[in-house]
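Here is the structure we will look at, set down as C-alpha cells.
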Amino acid sequence: MQSLNKKAISRIYGRGRGWAFSPNDFVEDFSRDQIENALAGLCREGKIRRIYRGVYDYPKFSELLQQELSPDFDQVAQAFARKFNWRIQPSGDAALNLLGLSTQVPGRLVYLSDGPNRQYDIGNYTLEFKKSALKDVGFKYRESGLIVQALKALGQERVDDTVIATLSKQLDDAVCKRVLKDTVTATGWVYETIKRVCGGRS
C-alpha cells in the first residue's frame with residue numbers, strides 16, 4: 001500500500017497545487033479499490049483534501065495567511081466533468097472570472113453541460129451544471145466557448161476598450177487563429193467583438 005500511495009502522490013504532485021481530481025483520473029494505473037484506499041490514506045495524512053464525495057484536491061497554500069486556500073472552482077468543475085464524462089463550458093460569472101473580467105468569485109458558478117442538471121456545494125460557493133443544447137457547449141476549443149460565454153454575460157453594451165484589451169492580452173496569435181475559425185457560428189455582435197479582440201491576427 002505504501003508504494004501505491006507514493007505512486008499516487010507522485011502523480012498528484014506532478015500536476016501542481018490546485019489540481020482537483022477523482023479516482024477516475026487514476027483508473028489506468030490502479031484498480032478502483034486500490035486508488036480509493038490510496039486516496040483515503042493520503043487524506044488522513046493531510047497530503048490531499050477531500051472536497052466532495054469522490055472528489056479531492058491538492059490544495060494551494062498561502063504563505064502569507066499560513067493556511068490552505070479554497071478549492072479552485074474551475075479545477076473542481078473539470079474534475080466532475082472527467083468523472084462523469086461530461087462536456088462543460090463555463091458560463092456567466094464563471095467565464096468572466098476565468099478571463100479576468102471580474103475579480104469577485106460569486107457564490108454560484110454555472111457551467112453549461114451536456115450532462116444532467118446538478119449542483120454541488122463546495123466550500124463557500126455552489127457549483128451548478130446546467131443541461132444545455134450541445135451547440136452551446138460544442139466549440140472545439142475551450143478558449144472559444146469561454147470568450148463567447150463571457151461576452152454574452154457582459155452584453156454588447158458593456159463591451160468597451162478595456163474589455164477588448166483584457167481579452168487580447170490573454171490570446172496569442174495561434175489561439176486567435178483557432179478561436180476565429182471556431183466561433184464563426186456565434187451571434188453576430190459576439191463574433192465581431194472577437195475579431196476586435198484578435199485585432200486582425202488571423
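So Lys152 fits all but one of (1) more than 12 Å from Pro90 (Cα to Cα); (2) surrounded by 14 or more Cβ atoms within 10 Å (Cβ to Cβ); (3) in contact (Cβ under 8 Å) with a residue 24 or more places away in the chain; (4) not hydrophobic (A, V, I, L, M, F, W, C); what number is the exception?
Among (1) more than 12 Å from Pro90 (Cα to Cα); (2) surrounded by 14 or more Cβ atoms within 10 Å (Cβ to Cβ); (3) in contact (Cβ under 8 Å) with a residue 24 or more places away in the chain; (4) not hydrophobic (A, V, I, L, M, F, W, C), the lone unmet condition for Lys152 is (1).
Of the numbered conditions (1) within 22 Å of Arg142 (Cα to Cα); (2) among the basic types (Lys, Arg); (3) not in a loop (DSSP other than H, G, I, E, B), Lys6 satisfies every one except a single condition; which is it?
Only one criterion in (1) within 22 Å of Arg142 (Cα to Cα); (2) among the basic types (Lys, Arg); (3) not in a loop (DSSP other than H, G, I, E, B) is unmet by Lys6, namely (1).
Here is a list: Leu171, Leu151, Leu167. Which entry is among the aliphatic types (A, V, I, L, M), touching a Phe, Trp or Tyr at 6+ places or on another chain (Cβ under 9 Å) and more than 21 Å from Ala79 (Cβ to Cβ)? So that I can check it myself, show each step before the final result.
Details: Leu171 fails: touching a Phe, Trp or Tyr at 6+ places or on another chain (Cβ under 9 Å); Leu167 fails: touching a Phe, Trp or Tyr at 6+ places or on another chain (Cβ under 9 Å).
Testing whether each residue is among the aliphatic types (A, V, I, L, M), touching a Phe, Trp or Tyr at 6+ places or on another chain (Cβ under 9 Å) and more than 21 Å from Ala79 (Cβ to Cβ) leaves just Leu151.
If we keep just the residues of the range 155-166 that are without any contact (Cβ under 8 Å) to a residue 40 or more places away in the chain and in a helix (DSSP H, G or I), which is most open to solvent (accessible area, probe 1.4 Å)?
By that ranking, first place goes to Glu157.
Can you tell me which residue within the range 102-117, out of those that are surrounded by fewer than 20 Cβ atoms within 10 Å (Cβ to Cβ) and touching a residue at least 12 places away in the same chain (Cβ under 8 Å), is farthest from Ala186 (Cα to Cα)?
Gly107
Which residues, taken from the range 84-119, are in a loop (DSSP other than H, G, I, E, B), touching a strand residue (DSSP E or B) at 6+ places or on another chain (Cβ under 8 Å) and β-branched (Val, Ile, Thr)? Write out each step before concluding.
The initial filter retains those residues of the range 84-119 that are in a loop (DSSP other than H, G, I, E, B), namely 85-87, 91, 99-107, 114-117.
Checking which are touching a strand residue (DSSP E or B) at 6+ places or on another chain (Cβ under 8 Å) leaves us with 86-87, 91, 105-107, 114-117.
Answer for the range 84-119, where residues must be in a loop (DSSP other than H, G, I, E, B), touching a strand residue (DSSP E or B) at 6+ places or on another chain (Cβ under 8 Å) and β-branched (Val, Ile, Thr): just Val105.
Can you find even one residue in the range 24-46 that is closer than 27 Å to Asn117 by Cβ, at pLDDT below 90 and of a type in the set (A, V, I, L, M, F, W, C)?
Yes, some residue in the range 24-46 is closer than 27 Å to Asn117 by Cβ, at pLDDT below 90 and of a type in the set (A, V, I, L, M, F, W, C).
Name the residue that is surrounded by the fewest Cβ atoms within 10 Å (Cβ to Cβ), counting only residues in the range 44-87 that are hydrophobic (A, V, I, L, M, F, W, C) and over 18 Å from the mean Cα position of the chain (by Cα).
Leu64
Taking the range 20-37 as the search range and keeping residues that are open to solvent by 10 Å² or more (accessible area, probe 1.4 Å) and part of a loop (DSSP other than H, G, I, E, B), which one is nearest to Ala81 (Cα to Cα)?
Val27
In this structure, is Ser10 surrounded by fewer than 14 Cβ atoms within 10 Å (Cβ to Cβ) and either touching a strand residue (DSSP E or B) at 6+ places or on another chain (Cβ under 7 Å) or more than 29 Å from Gln119 (Cβ to Cβ) (or both)?
Values: surrounded by fewer than 14 Cβ atoms within 10 Å (Cβ to Cβ): yes; either touching a strand residue (DSSP E or B) at 6+ places or on another chain (Cβ under 7 Å) or more than 29 Å from Gln119 (Cβ to Cβ) (or both): yes.
Yes.
Restricting to the range 167-202, give me the number of residues that are open to solvent by less than 40 Å² (accessible area, probe 1.4 Å) and either of a type in the set (Lys, Arg) or in a helix (DSSP H, G or I) (or both). Talk me through it step by step, then tell me what you get.
So in the range 167-202, the residues open to solvent by less than 40 Å² (accessible area, probe 1.4 Å) come out as 167-168, 171, 175-176, 179-180, 182-183, 186, 190, 193-194, 197-198.
Imposing the further condition that a residue be either of a type in the set (Lys, Arg) or in a helix (DSSP H, G or I) (or both) reduces the set to 167-168, 175-176, 179-180, 182, 190, 193-194, 197-198.
Residues meeting the conditions: 12.
What number of residues in the range 123-136 are surrounded by fewer than 21 Cβ atoms within 10 Å (Cβ to Cβ) and hydrophobic (A, V, I, L, M, F, W, C)?
Residues meeting the conditions: 2.
The values are calculated or read from the model by the stated rules, or taken from the named source; none is laboratory data. These numbers were taken from a predicted model, which means no experiment stands behind them. Backbone-built Cβ (ideal geometry, glycine too); neighbour counts: all protein chains shown. Surface accessibility is based on the protein's heavy atoms, side chains included, excluding ligands, DNA and RNA. Shrake-Rupley method; radii C 1.70, N 1.55, O 1.52, S 1.80 Å.
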